[in-house]
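To keep things clear, I will list the structure first and then write my remarks on it.
Just so it is clear, none of the values below were taken in a lab; they were calculated from the coordinates. Just so it is clear, the model here is predicted, and its values are computed rather than measured. So basically every Cβ, Gly included, is an ideal-geometry build from the backbone, and we count neighbours across all protein chains shown.
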Amino acid sequence: MAADLNDRVRPRAVPPSGRGGSLAWILQAVSGVALIVLLGVHIVAQHFVVKGGLRDYAQVVSYLSNPLVLAVESLFVVVLIWHAMLGIRAVLFDFGFSAKTEAVISRCLVALGLATAGYSFWVIATIASGR
Amino acid sequence: MARSLRGWHVVVVGGGATGGGVAHDLSLRGLRVTLLERGELTSGTTGRHHGVLHSGGRYAVSDRESATECIKENRILRRIAPGSFECNGGLFVALTDEDMDHVPSFLNACEASGIPTTVHEPAAALQLEPNLNPGVKLAVAVPDASVDPMRLVLRFFATAQRNGADLRTFTEVTGLVHSNGMVTGVLAHDLVLQRDYELSADVVVNAAGPWSGQVGACAGIDVPMQLSPGVLLAVRGRYCGRVLNRLHNPSDGDIILPQRELSVIGTTSWVVDDPDVPPVPADHVAKMYAEGAKLVPAIASAQRRSAWSAVRPLVASSTATAATGRELSRTFQCFDHKQTDGVEGLVTITGGKATTLRAMAESAADVVCAKLGIDVPCSTADTVLAPHSAYYTERSARYGT
Amino acid sequence: MTSTTVHTRPTRGRVRGVLAYANLRRRHLGSVAFVTNRITGLLLVGYLYLHLGILYLLTEGPRSWTTVLHLFKNPAFLGLESLLILFILIHGLNGLRLALVGTGVGVRHQKAWFATAMSVSGCLYVVVVLAMYGVI
Amino acid sequence: MAPESGTAVSRTWRLRVSRWRPGDAHPHFDDFEVGVGADATLLDALRRVRSHHDRSLTLRYSCCHASCGTCGMRANGREVLACVTRLADLGPGPILVEPLGNARVEHDLVVDMRDLYVSLEPAGRPLVRQDSVLAGQDETAASPGFFRYEDCIECGLCLSACPVAATDPLYLGPAALAAAWRVTQEPRGGDPEPVLAWVDDEQGCWRCHASFECSEACPSGVDPAGATMALRRELTRRELGRLTRLGRRAR
């Protein structure tokens, strides 16, 4: 009984995918918790280990040449950008836009995320290669 | 019949239980009904009554007619408004020897009125109701229930609205259109748009409760009203599972009604002239605490949630003018002012109790149909009512979005 | 029966709606947590892009990087950096609270969670500032 | 607390009431000086305004003891039930009285409750539930079970206080989510699965930002925010269960 009322009560742009909302939120929560670890590692490794908190150019290159650091930094970049994009999406979705606009917003944010990730990897790659 | 049923137009004045019942009954019979209520629906006495679906036990000894009516309606309402009551039954509790003297006559009267009873010894009673006064001597179980006064009556309005009734809230009746002994319509004032208009009607049903006298006066008729307010006290905490009544002659503060997370103790009775803003005397509230504590001692220290008063629209029998209003019969009366005052086109229905709203509506609708020569029987006793939420979900916005 | 859709609920206009809940005058701790999380979140995204912009200098080679390094060394800039750490702490710990409470864990003590999150952020912030200015 | 005896010495209260009628461009405020008892409620004052000062002031009320849910409004910016809010608790200054937020104002202090009731429909309108806890008895006592109205009185205060409902008309709202949780806990013969599917949506329980304003505003202790988070816990538990089953099947 409740199900058939569902669509009559609130026409929906996106058909009820059953997991429509929970996955997005769980990922946001999981990425957030992961970030606490990854960001913690990033800050400590980048700024606390080094005297004075900042590495000069040579130190950065040598730091990034270590493959483990490279892997952790890359994971950190991906998770951070994912979390940031979902966060902005949540903020924008609070403006009560129409379903169509919200779909456009989602696509733009995916594009922005990919662009940011691309740029970040390019930066890491060029530094690591010590051009 | 010259016109189709929808051709007959009845205006009901008053958005309380009686108005709701009449609007539902007449709409179900096919007449066109317009109801005028100057505030929100059930904002008069209806919303503020104690909330007991009486089994009739309270009136069995003193007012047999009222008691028989109650138990009959009690069963009908449970059938036509399923899921709207806290159906836990009620207990008539004897605390003193004097109460015990009442037990035999009480049991006989209940039986005579058709009210099923079960006697419980003190131990069993305390097991059923742990907060009951340990000094309980005897308890008699009857089929009382708790009612949400607003939602039950709103089901009548929702069904009437679904059957085409035009429910106009925040519209006040400022006068009755009448000439040479015939009422042909009402003068209405829309409080929202500040607009006056006239509404013609074949019959006007005066269901204004305590204000019925004022409506009758608009056609120069003296409706014999006796306005008897009662104070009710709601305290936080549900102290009993079922309705607790004191087993003695009806008097003040002898019913504790559980409702949601509250316990409502009532009631008192005195007589006033002005139905508008009945006072809530502090001594009455204190009396509620005292009397309630006799049934459930913990009530004495219960936290007050709210105390209010509501005016019972009783019918003053022309002979006896009662001192406290409690002596008057609690059945209802339907005046066809053609018979009583020689004025055609106006019917007043008042008195009675919330439990008997359907029966009141049936008798008023019968009178109206008889006046209009319509021979359609009443079927409200077998028609399940729409949910109360239907009043809101199916209401078309009156003033445009 | 009229069709029943929920579109008729008027919000107070989009921006006014969002600003409505930004004014915390008559709101409770939960709203304070919600708004702080949102503000710190947006600031952190702003910093993310600022940070990515600056890293571009690293790709230019050592010369441009060392010129900027001096700028980062002066104490004023360190103050800004410490603010960033504070926002990270607040957003992170409050986010942790939201993750737990948001899946029904410890819902009854959500205010206590928020209070602990803020006080822990405060303490760690003090430690970080001391570390930054070389006191520790 | 003993009942407040003492004579109801009347005091003058200043009310600033929001007035709006279909056709007005925007609401305006009328000021009223009302003399009512020292421990009178906001509803007493408003009814006195109606009977003594301005008959055209329209407001809703019915039961006068916070059990019907019709007299919800905002006093000094806070969602309250007028019938149980004492004027003394609203402070000396002019008391600002406005209609509920996040709902279409029909006129003056009356808002259209249609959207609230429409949002409650899919949960199947649970009105009565089973209970066994009596005041003054510890829960373990073997007090016999009884039927009881749900605490939710459909007053709309939570919807008015909710920041997400303020910005997003499609959000189900705390009242509907709390009703969904009640049906999930006690299906009462209905099937809770479609109700869970109905709230498991971006505009459903996942939209709530946990500001807990609804639970602060609720006059009946329903705690809609807690119910929303409980729905999320249930859905997350099922989601993780499903993923682990997928995981096992994949291996």
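Table for the structure above
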| item | result |
| --- | --- |
| Acute angle (nearest 10 degrees) that the helix B:64-80 long axis makes with the longest principal axis of chain B, alpha-carbon atoms | 80 |
| Charge dipole (chain B, unit charges on Cβ, about Cα centre) - positive-most of B:Pro143, B:Gly164, B:Val93 | B:Gly164 |
| Proximal lysines to B:Lys287, defined as alpha-carbon separation beneath 27 angstrom and excluding residues fewer than eight positions away on the same chain | B:Lys137, B:Lys353 |
| Given charges at Cβ of Lys, Arg, Asp, Glu: the range D:10-111 dipole, positive-most of D:Gly69, D:Gly23, D:Leu81 | D:Gly69 |
| Rounded to 5, the percent of DSSP beta bridges in the protein assembly as shown classed as antiparallel | 75 |
| Dipole-positive endmost among B:Gly237, D:Cys214, C:Leu43 within the protein assembly as shown (Cβ charges, Cα centre) | C:Leu43 |
| Cα→Cβ-extended label distance, 7 Å offset, between D:Asp31 and A:Ser65, nm | 7.9 |
| For peptides D:30-43, D:125-138, sequence by mean Cβ density within 10 Å, most packed first | D:30-43, D:125-138 |
| Angle between chain D longest axis and helix D:174-185 axis [Cα atoms, degrees, rounded to 10] | 40 |
| Residue mean of other protein chain beta carbons inside 10 Å, C:29-41 | 4 |
| Euclidean distance between Cα centres, the range B:220-260 to the range D:211-225, Å | 31 |
| The protein assembly as shown, helix-only ellipticity at 222 nm - DSSP H runs n ≥ 4, -39,500 (n - 2.57), divided by all residues, nearest 500 | -13500 deg cm²/dmol |
| Packing-based ranking, highest mean first, of B:348-358, A:65-75, B:186-196 given that Cβ atoms within 10 Å are counted | B:348-358, B:186-196, A:65-75 |
| DSSP beta bridge pairing in chain B, given as percent antiparallel to the nearest 5 | 75 |
| Residues C:Val129, A:Val41 arranged by fewest to most Cβ contacts within 10 Å | A:Val41, C:Val129 |
| Average beta-carbon neighbours from other chains, 10 Å sphere, peptide D:167-177 | 6 |
| Global size of the range D:10-111 as Cα Rg and Dmax, reported in angstrom | 12.6, 37 |
| Between helix B:17-28 and chain B: long-axis angle, C-alpha atoms, 0 to 90°, nearest 10 | 50 |
| Burial ranking of peptide ranges D:144-157, B:272-285 (average Cβ count within 10 Å, highest at the top) | D:144-157, B:272-285 |
| At R0 = 22 Å, FRET efficiency that the Cβ-Cβ distance of B:Met100 and B:Ser62 yields, to 0.05 | 0.75 |
| Inter-label distance, nm, simple model (7 Å from Cα along the C-beta direction), D:Leu243/A:Phe48 | 2.8 |
| Inter-centroid distance (Cα atoms) of the range D:90-115 relative to the range B:1-52, Å | 28 |
| For D:Cys83, net neighbour charge (Lys/Arg +1, Asp/Glu -1) across residues whose Cβ lies under 12 Å away | +4 |
| Dipole moment magnitude, nearest 20 debye, chain B about Cα centre, only Lys, Arg, Asp, Glu C-beta charged | 1080 |
| Cβ charges +1 (Lys, Arg) and -1 (Asp, Glu), total dipole of the range A:24-129, debye | 40 |
| Other protein chain Cβ atoms within 10 Å, averaged over every residue that makes up B:272-283 | 3 |
| Assigned charges on the beta-carbon of Lys, Arg, Asp, Glu; the range C:29-132 dipole about Cα centre (debye) | 280 |
| Net +/- balance of residues flanking C:Gly102 in space, Cβ distance below 10 Å, scoring K and R +1, D and E -1 | +3 |
